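*Asks:* Just dropping this structure here.
The values are calculated or read from the model by the stated rules, or taken from the named source; none is laboratory data. Nothing here was measured: the structure is a model prediction, and the numbers come from that model. Every residue, glycine among them, receives a Cβ derived from its backbone with ideal geometry; neighbour counts consider all protein chains shown.
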Amino acid sequence: MLKIRKGTIDLLDELDVMYAECKKALLQNQIYQWDDSYPTREHISYHLEQDELYCLFQDQVLVGAVVLNESESSEYKLIDWSKTDGHFLIVHSFVIHPLAQGKGYSKALLSFWENEAKQKNYTGIRLDCFTGNPVSLSLYEKTIIFAGGLFILQIKKLLTTGITAMKKSSYNRKRIFFISSLFVVQSVHTRSYSTRINIPIMY
């Protein structure tokens, strides 16, 4: 049975291992999305303390996680969003354990954060995706109507004990920004998809 709940500090070690395994798998597939500077154990601990990291369990086994808050990357200001007023739920650090991928867990978490946004009356959902990750791109392109645009990120954020610093990246990170179709009704940069997802979540 699938269950999603907020993460607690006792899950720090398990979450740290899962993110590390995901980074290793990405590198093995030559997907340079994450590295040793992000996400780190400090990132995970910080988001647990902020009560904004949600964990996905299959029969009490941790298989995924995501951070949901209202904190936007500075690059978001450069995007020509179709809707700028209101409160937006921002999706960060979305991960499915490499050994649990391909079983629909990504869609389960995606449905969860859509429901969270609905219940908490957010104007919309914003997230970005590394363009070199074909699996993530395929997921969002099939489930989210509008793409907000392509942005080349040459710097990345490091979070150390709650302090944000900037560090030069050794390579450009291209990210495409998405807007949830549930709330945004128009966009200057549009790309339409027809498939929607509605997977029930057990609380």
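*Asks:* Which ones in region 33-45 are in a helix (DSSP H, G or I) and either surrounded by 18 or more Cβ atoms within 10 Å (Cβ to Cβ) or in contact with a Ser or Thr (Cβ under 8 Å, 6 or more places away or on another chain) (or both)?
*Replies:* Residues of region 33-45 that are in a helix (DSSP H, G or I), as a first pass: 41-45.
Listed by number, the residues that qualify are Glu42, His43, Ile44, Ser45.
*Asks:* Of the conditions (1) at pLDDT 80 or above; (2) outside any helix (DSSP H, G or I), Ala117 clears all except one; give me its number.
*Replies:* All conditions pass for Ala117, except number (2).
*Asks:* Could you say which residue among Leu110, Leu99 is farther than 18 Å from Ile9 by Cα, outside any strand (DSSP E or B) and at pLDDT 95 or above? Show your work before the answer.
*Replies:* On the way: Leu110 fails: at pLDDT 95 or above.
Leu99 is the lone residue from the list that is farther than 18 Å from Ile9 by Cα, outside any strand (DSSP E or B) and at pLDDT 95 or above.
*Asks:* Given the options Tyr54, Tyr76, name the one that is part of a helix (DSSP H, G or I) and within 18 Å of Arg126 (Cβ to Cβ).
*Replies:* Sole residue among the options that is part of a helix (DSSP H, G or I) and within 18 Å of Arg126 (Cβ to Cβ): Tyr76.
*Asks:* Of all the residues that make up region 1-32, how many are in a helix (DSSP H, G or I), surrounded by 13 or more Cβ atoms within 10 Å (Cβ to Cβ) and of a type outside the set (A, V, I, L, M, F, W, C)?
*Replies:* Going through region 1-32 one residue at a time, the tally reaches 5.
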